[in-house]
1. I'd like the distance between the alpha-carbon centres of the stretch 276-349 and the stretch 26-80, rounded to an integer number of Å.
2. Given H placed 1.01 Å from N in the peptide plane, which residues other than close sequence neighbours of Thr215 have an amide H under 5 Å from its amide H?
3. Taking amide H atoms as placed 1.01 Å from N in the peptide plane, list the residues 5 or more away in sequence, or in a different chain, whose amide H sits under 5 Å from that of Thr124.
4. Please sort 305-318, 39-52 by packing, taking for each peptide the average over its residues of neighbouring beta carbons within 10 angstrom, highest first.
5. In whole Hz, with x marking every Gly and Pro, tabulate ³J(HN,Hα) for the stretch 280-296 from phi via Karplus 6.51 cos²θ - 1.76 cosθ + 1.60, θ = phi - 60°.
6. Among the listed pairs Lys185/Lys304; Lys5/Lys98; Lys185/Lys210; Lys185/Lys228; Lys98/Lys278; Lys5/Lys295, which have their C-alpha atoms separated by more than 29 angstrom in this model?
7. As an exercise, identify the trypsin sites (Lys or Arg not before Pro) in the stretch 125-166 lying in DSSP coil whose Cβ has no more than 10 other Cβ atoms within 10 Å.
8. With +1 on each Lys and Arg Cβ and -1 on each Asp and Glu Cβ, how big is the dipole of the chain about its Cα centre, in debye rounded to the nearest 20?
Amino acid sequence: MAEKKLFVTQPNLPPLDEFIPYLEDIWQSRVLTNGGPMHQRLEQSLCEYLGVDHLALFNNGTIALLVALQALRITGEVITTPYSFVATAHSLLWRGIKPVFVDIDPLSMNLDPALIEAAITPHTTAIMPVHCYGNPCDVEQIQRIADTYNLRVIYDAAHAFGVRDAGGSVLRHGDLSVLSFHATKVFNTFEGGAIICPDAQTKQRIDQLKNFGITDEVSVVAPGINGKMNEISAAFGLLQLEYIEQSMAARRQIDTWYRVGLAGIPGIRCAQVFAGGKANYSYFPVLVDPQYSLKRDELYALLKSNEIYARRYFFPLISEFSMYQGMPSAHRGNLPHATQVSARVLCLPIYPDLTEADVERVVEVIRRAA
Ligand SMILES: Cc1ncc(COP(=O)(O)O)c(C=O)c1O
């Protein structure tokens, strides 16, 4: 019998029959988008669940990043990480901003605050760190630097849905935080995203910018974009939210199965999980060190031949794509830790429906080759 294919992730889908009443409501209202009732309900429910005061929904995380940069009028140069999904730096290019890459801390895999100051120039206006894999950045150090040099901080929090540190939601840090609700994320609305706003005034400006810059029937105050979330996505988010705790608990269990199963395999190192609050277990990255019998790409291929589709997140580094490669900060010598982690990392399957037997199957392939 052909083995079940195990993908790095699989979207969490609530029972279809539970979604029908939401669709009936939409058909009844005939409001399909433009901040309709589902949109309003989801904004409120997410604020409550995440523990934040103001949030603006978007049609995806990338447009939300663009609008966050526009809302804060960021220009010039922005310090960011090369170890992320390409949308992080692309959002800067779309706004005509120059990304300046700074290396990561090899343990947290987040921007290393100790290296930020050296990258600041008279053109620097902001820092865009990523809470990679949902592990919080060193938010205090980053804020200290931002305060000293009068910089803004926009967190790409695409991976950090539901993550809490000792003081509450990790999304409260910085000037703005941006979420993605893409199908592959812990919480999804098929496509979607959000900006966490510090106050009602900022939310109002962001809401205008995501609706073409329109303020009333006859006024357009800025070159805004179409960033609105539609009613079907918002309704799906409402239903999805009812299952989020269950889904996080399943992920947590899978994380434990992997850690127990992989313990003691020479050269396989599980990335550290954030311990200072509530993690979301959005990814399960391992590092394939030289003591392991296979190189990372060989293990990737071996898993694939066993119908296990791990992913090399994040390889190549953003700084290695042609549109960034020529920038001085993109030079590998400037990014030794990111370069090394990127060459060794492999994200193993993790999603709520993965069974203990599935995890054992993945672990067995890795163990047998050791
Ligand atoms: C770190 C990071 N930033 C930005 C994005 C872009 O989000 P979206 O796909 O919702 O546009 C993603 C994921 O897709 C991501 O992983």
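Just so you know, all these numbers are worked out from the coordinates, no wet-lab data involved. Just so it is clear, the model here is predicted, and its values are computed rather than measured. Virtual Cβ from ideal backbone geometry, glycine too; neighbours counted across all protein chains shown.
1. Here the answer is 30 Å between Cα centres.
2. Sorted by chain and number, the residues that satisfy this are Val220, Val221.
3. The list, which skips near neighbours in sequence, is Glu77.
4. So the peptides 305-318, 39-52, ranked by packing, come out 305-318, 39-52.
5. These are the phi-based 3J(HN,Hα) values: 10, 6, 6, 9, 10, x, 10, 10, 9, 7, x, 5, 6, 5, 10, 6, 3 Hz.
6. Flagged as over cut-off: Lys5/Lys98; Lys98/Lys278.
7. Qualifying residues, ordered by number: none.
8. Computed about the Cα centre, the dipole is about 840 debye.
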